[in-house]
Each structure stands twice: as C-alpha cells, then as structure tokens.
Amino acid sequence: MKLYEITEQLRQLMEMDDVPPEQLQDTLDLVQEDFDTKALQCAAFIRELDLEADGYKQEIDRLAARKKSAESKADSMREYVRHNMQVLGITKINGKLFTITIGKPSEVVNVSDVDKVPDSLVRIKREADKAAVKAQLAAGIDVPGCELLQGKPKLIIK
C-alpha cells in the first residue's frame, strides 16, 4: 500500500462514528504501524538521495576547479604565444591544423571613479534588505509593501 493510500485510510477511520471504540483503536493502530513503516522507508530513501546529491555537488566542485585550472592554463598559454608573436612582429602563422592571428585590440572602458560618472550612465540595483525587513515586521513595525508570511514546515530526518 502506498503512503497516500494509508493516509486516506487513516483519515477515513478517524471520521467513522459507528465503529466501537476498541475496534476502531485496534484498526487505527495497525494502519498507523503501516504508515510509520512506509514513512521510515521514505526517510531512508530521502537520506540516500541527499547523500547522492552531496556526491554530485562535490564532483561538480571538483570538476569546476579542474575547469578553472584548464582555462587558466589556456589563457596563460594564449598570452605567452600572443606576447612572443608581438615581440617578433608576427601577425599571422599558417599551419596544417591551425591559423594563428593577432587581432586588432578591442576598446575597453576603464572607470577610475564611479562617483564622477553621470547618473544617467550608472546602473543601480535596488534590492530590499530582507533580514532588516523581517526584523522590523517581527518587532511589529509596519513596512509598506512587505508582509511576514509562514513558510512550509520542514521535514527533519535525524
């Protein structure tokens, strides 16, 4: 029997008025045992999935570090070849597999003092400080445009 089926059966049993209390309690105990067993099996599966997800995260982090290292080495090698080609005045090398070309430099903007840049050219990200808003609302202070809601209850598996 599935967990939701046991839940429905428990709910129906609790609504019954025409069953003697002892018989109802015995039936409830049996169904409750089934529910507890299924819920514990679900908890074990949840624990396995959490461990699997942790393993994936560790592998992602490991691979991300290797990716960053490979990118750094490629950038370093790219800079090495570019620098030496420029020193020798070479702008193009034709090979069997690759053609290497020194391209024209692109224009790069350097902002030395953002406070001097006109407001029309500055992006400002407006974001509420949720921790401060929560503290104000918890203290009973009204904050326009904000309200304190109840989230979902957490399932804790120890």
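A few comments on the model shown:
- Just one of (1) open to solvent by less than 90 Å² (accessible area, probe 1.4 Å); (2) in a helix (DSSP H, G or I); (3) free of Cβ contacts under 8 Å to residues at least 24 places away in the same chain fails for ALA39. It is (3).
- Residue match in the range 118-130 (condition: in contact with a strand residue (DSSP E or B) (Cβ under 6 Å, 6 or more places away or on another chain), surrounded by 10 or more Cβ atoms within 10 Å (Cβ to Cβ) and of a type outside the set (D, E, K, R)): no
- Residues within the range 99-115 that are open to solvent by 100 Å² or more (accessible area, probe 1.4 Å) and within 37 Å of the chain's Cα centre (by Cα), tallied: 6
- Residue within the range 51-62 that is touching a helix residue (DSSP H, G or I) at 6+ places or on another chain (Cβ under 9 Å) and either assigned to a helix (DSSP H, G or I) or surrounded by fewer than 10 Cβ atoms within 10 Å (Cβ to Cβ) (or both) present: no
- Extreme residue, farthest from ILE156 (Cα to Cα), among residues of the range 1-17 that are open to solvent by 100 Å² or more (accessible area, probe 1.4 Å) and at pLDDT below 75: ASP17
- Matching residues in the range 130-158 - criterion: being part of a loop (DSSP other than H, G, I, E, B), more than 20 Å from the chain's Cα centre (by Cα) and among the charged types (D, E, K, R): ASP142, GLU147, LYS158
- If only residues of the range 75-91 that are in contact (Cβ under 8 Å) with a residue 12 or more places away in the chain and out of contact with any strand residue (DSSP E or B) (no Cβ under 8 Å at 6 or more places or on another chain) are counted, the one that is least open to solvent (accessible area, probe 1.4 Å) is ILE90.
- ALA44 being within 23 Å of LEU155 (Cα to Cα) and either in a helix (DSSP H, G or I) or open to solvent by 80 Å² or more (accessible area, probe 1.4 Å) (or both): yes
The values are calculated or read from the model by the stated rules, or taken from the named source; none is laboratory data. Just so it is clear, the model here is predicted, and its values are computed rather than measured. Positions of Cβ are generated from backbone atoms using ideal geometry, with glycine treated the same way; all protein chains shown enter the neighbour counts. Quick note on the areas: whole protein, heavy atoms, side chains included, nothing else; ligands and nucleic acids left out. Shrake-Rupley method; radii C 1.70, N 1.55, O 1.52, S 1.80 Å.
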